[in-house]
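Report on the following structure.
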Amino acid sequence: MSENRLFVLKQKNHDVAVMQLSLDGEIENYEIINPARMPYLGSTEKKHIYSWWKDRAIPEGRDRLLVLLKEYDCESPQELLMKNLGLSLTDTYWISPAELDLTWEEVNLFDSGEDKIDFHDGEGRIHYSNSKDAALGGHLEKHSIKRNGTWYLEKYSDPKYSGGLLNVNEAFASMVHERQGFKEFTKYEIISDDSEQNKLCRCRYFTDKKREFISAYEVTGGIRNGHDYNGKAEFDRFVSTCTEFGLDREYVCQFLDYMILTDFAISNSDRHWNNFGILRDSETLEFIALAPIFDNGNSMFFDAYHILNRPTILKLEDTGIMKREVDRLKLVNDRSLINIDLLPTTEEVREFYSNHEIDETKTKIITESYSDKIDLLMEYQNGIPIGYNIEMYEYGKEVPVKNRMFNVKFFEGRPELLTNEIKCKLEME
């Protein structure tokens, strides 16, 4: 028996590449057949298919990974992915063993994800095509479930943060989007049971057989992560690619502006390149729209152990597009796309987290840090510079905004910052 095996990488029934995989599911070699249908939008850089396949598997460190590997008699996430034909509920890519004549209609998870379908080759090797979660990324425990004919993703909170905090944050973000009247977001609901409050959060998949998700990382052909990484250049590249593939530039820019502004408001520190992207027609390859905003759990000062003051908030680091979340605001063109008056008040935030049984100390950290964060957002929207150095070396006790109110004393010494709009608001207050 050969130590390597041949598979055909497919998108639906289209042959994309021939791949040689080791018995533990690692790519040994490959040859592209159809560049236009490659996962990286036709990119033929050799590193891309390797990283795409590796990233497609469940990441090491997932809590129940060992249980899942044991269930399928696998030694690695890549082997699990291989044995389950690389199938996913987010796109239409999969691998077919070269010796088997399989079709997309037979194996796709959208139709067959609840069935147990075993395929055997001539040498007695088995391929399971029914593990709907073998290609679920992210470090949190999660699984897919079909309810009334519709696929949902159920995600557990990180146990490091008590009370199911990350699930509560997802629900809070959904409330923020609803209040803003923004439609293109993934709504999360919290599921509790007798054993655990806020046990998991559930959302509906926004993909199906006709619409697949392509991450921003894939859209740009793979972000350059070396010392020369330039977040703005990569961001501009993403926007340009979206417009080249048919999306309206104004729509793309306004969507991304809104996403960045709301992420800042809720302190979402995890808007990395795989946590946003586009929806693509799986047959024509046309871009349909930007993917609905999703994955907001790492927000609302989830990992803070004390109340953060304004300078500390402005030093918060990010795993996303820019190193610091305040730097993401530099990418925004239209600051007005979020209505601060429609954001939850401090008291509403306190009530929301208390009602979801987040402990009093954590709720206080979230509430008071959020209060300062919205003040900073209000300053930014009104053209007042914000930044750590400004807070530390230019401001004293007086700050431009406190509790969503402009501070008259602050502007008495800085008349150059008084715009007509701020003057009107001061008069109204």
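Numbers below:
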read-out: Label-point gap, in nm, between residue 117 and residue 147 - each point 7 angstrom along Cα→Cβ; value: 2.5
read-out: Amide H contacts under 5 Å for residue 30, placed H, 5+ residues apart; value: 20
read-out: Violating pairs (Cα-Cα greater than 21 angstrom) within the set 70/132; 323/364; 315/373; 187/373; 70/146; 323/402; value: 323/364; 187/373; 70/146; 323/402
read-out: Cβ-based charge dipole, the stretch 126-271, positive-most Cα from 245, 172, 267; value: 245
read-out: Sequence-distant aspartates and glutamates (8 or more away, or on other chains) whose Cα lies within less than 16 Å of residue 10; value: 31, 91, 99, 101, 105, 106, 212, 281, 283
read-out: The stretch 4-128: C-alpha gyration tensor shape, a/c 1.5 cut-off, then a/b vs b/c; value: rounded
read-out: Convex hull volume of the stretch 377-429 per residue (C-alpha atoms, cubic angstrom); value: 81
read-out: Estimated 222 nm signal from helices in the chain, with DSSP H stretches of n ≥ 4 weighted -39500 (n - 2.57), rounded to 500; value: -9500 deg cm²/dmol
read-out: Given 54/83; 142/199; 330/423, the pairs whose alpha carbons are separated by over 18 Å; value: 330/423
read-out: Student exercise, the stretch 48-193 dipole from Lys, Arg, Asp, Glu Cβ charges, in Debye to nearest 20; value: 660
read-out: Convex hull per residue volume in Å³, alpha carbons only, for the stretch 207-287; value: 102
read-out: Net charge dipole size for the stretch 4-128 [Lys, Arg +1 and Asp, Glu -1 on Cβ; Debye, nearest 20]; value: 440
read-out: Electrostatic dipole magnitude of the chain [Cβ: Lys, Arg +1; Asp, Glu -1; Cα centre; debye, to 20]; value: 800
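Read-outs throughout are calculated quantities, based only on the coordinates presented, and are distinct from any laboratory measurement. All values derive from a computational prediction rather than experimental measurement. Quick reminder, even Gly has a Cβ in these numbers, built from the backbone with ideal geometry, and neighbours come from all protein chains shown.
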